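Here the structure comes first, spelled out in structure tokens, and everything after it is commentary.
Read the figures in this text as sums done on the coordinates, not as results from a lab. What you see is a predicted model; the values in this text were computed from it and never measured. Every residue, glycine among them, receives a Cβ derived from its backbone with ideal geometry; neighbour counts consider all protein chains shown.
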Amino acid sequence: MTTTTTPAEATARILLPRGKRNSRLRRENLAGYAFMTPWLIGFVLIIGGPVLVSLYLSFTDYSILGDPEWIGLKNYQRMFRSDPRFWSALRVTFTYLLVSVPLVQIFALFLATILNRGIRGLTIYRAIFYVPSLIGGSVAIAILWRFIFSADGLLNNFLSIFGIDTDYSWIGTPTTALSTLILLNVWQFGAAMIIYLAGLRQVPTELYEAATMDGAGIWRKFVSVTLPMLSPIIFFNVLMNIVAAFQAFNSAYIVSNGTGGPADSTLFYTLYLYQRGFVDFDMGYASALGWVLLVVSAAVAALLFWLSRRVVFYGDE
């Protein structure tokens, strides 16, 4: 553990005998660890302990009502060999991730670029666009989304104004149900937009001036100046959105009434894990699902960090 010292304190330490210096460093380190103790206790009891217990349970047959029975790798074998809903949940989750995450970045960066031009009422627009990010993950918004896209919902009522009468259920049809959840996630682009807007304010104007002198147009400036300078922020936003996509639960649960339907078209991985653990009470299998999700998300994050070394530009490079 490191501590910040003034030059005078550093000089005093050097002048102290070795034994006293070591004793002083130990006291300082102990003080630091003492301040960290509440966090360490919380980590062990709230995070570390349950994580290790879930790892053990993933190798057992455990239904809450009885004691765990060790079965080795059978949960994982059943998952990969004879559970079609596991593969369906992975497919739905990755479809949701691969479509919604890029769309969020596109909309967020597009609006951030417009707002960065110094339009009047910037604070108001920024607040309006940020509001969906604050309320988008709530149960109330998921219920509202279900009301909008149901057969007799607001969308169909709006279309009827233009003579398009339909009783089509956007959330009740397998081909469009997942699209409504993707749209809900894209609607929450405000947080990413605020971060992009802050990043755009940090791009040196000298770079744009140099590009103008070289005859670069708006698109060339965006590609050759804006994107490279924003690449660390793009990387951060993409990583955070991917983590959020793997954890998506509320919207799918509310829209599908907890079933993941229709025809498992909204069966997010977290929703399937919830069904196995808290509906079927198959806690051993649910724990195995959780560890597979951890490994998959860690692998995706590792791949993203590996790619970042090739595409992310930092100003000091």
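GNM on the chain, C-alpha springs below 10 Å: top fluctuator among Ala140, Ala244, Ala210? Fluctuation is largest for Ala210.
The convex hull built on the alpha-carbon positions of region 223-317 has an orientation-averaged projected area of 8.0 nm².
From the coordinates of this entry, Rg and Dmax of the Cα atoms in Å is computed, and it appears in (i) 26.0, 90; (ii) 29.3, 95; (iii) 21.5, 86 under the label (i). Full extension of the chain between Tyr125 and Trp219 gives 31.4 nm of extra length, using 0.36 nm per residue less the Cα-Cα distance.
Summing Lys and Arg as +1 and Asp and Glu as -1 over all other residues whose Cβ lies under 15 Å from the Cβ of Thr212 gives a net charge of -1.
Mean separation of Cα pairs under 8 Å and 6 or more residues apart, divided by the residue count, gives the chain a relative contact order of 26 percent.
Residue by residue, region 268-279 carries 3J(HN,Hα) couplings of 5, 4, 5, 5, 5, 4, 4, 4, 5, x, 10, 10 Hz when phi is fed to the Karplus relation 6.51 cos²θ - 1.76 cosθ + 1.60 (θ = phi - 60°); x denotes Gly or Pro. Here the simple spin-label model places points 7 Å from the Cα toward Cβ, and for Phe278 and Asp165 these points are separated by 4.3 nm. Region 261-286 and region 22-100 have their alpha-carbon centroids 17 Å apart.
For Leu239 and Phe313, the difference between the fully extended length at 0.36 nm per residue and the C-alpha to C-alpha distance is 25.0 nm. Helices of the chain meeting both criteria, an alpha-carbon length of 18 angstrom or more along the long axis and an average Kyte-Doolittle score not below -0.5, with helices taken as full DSSP H segments, are 84-115, 122-135, 174-187, 227-247, 283-311. Other residues with beta-carbon under 14 Å from the beta-carbon of Phe35 carry, at +1 per Lys or Arg and -1 per Asp or Glu, a net charge of 0. Proximity of backbone amide H atoms, modeled 1.01 Å from N, is registered between Thr60 and Ile71 at under 5 Å, excluding neighbours fewer than 5 places apart on the same chain.
For the peptides 173-181, 61-69, 30-38, the ranking by packing is 173-181, 61-69, 30-38, with the highest mean count of neighbouring Cβ atoms within 10 Å listed first.
Local charge for Ser265 was computed over the other residues whose Cβ lies under 13 Å away, with Lys and Arg +1 and Asp and Glu -1, and equals +1. Please work out the FRET efficiency for the pair Ser23 and Val51, using the Cβ-Cβ distance as r and a Förster radius of 45 Å; give the result to the nearest 0.05. Working from the Cβ atoms, E equals 0.75. The overall shape of region 111-167 is oblate: from the C-alpha gyration tensor, with semi-axes ordered a ≥ b ≥ c, the ratio a/c is 1.5 or greater and a/b is no larger than b/c. Apply the a/c threshold of 1.5 to the C-alpha gyration tensor of region 148-283 and tell me whether it is rounded, prolate or oblate. Oblate, because a/c is 1.5 or more while a/b does not exceed b/c.
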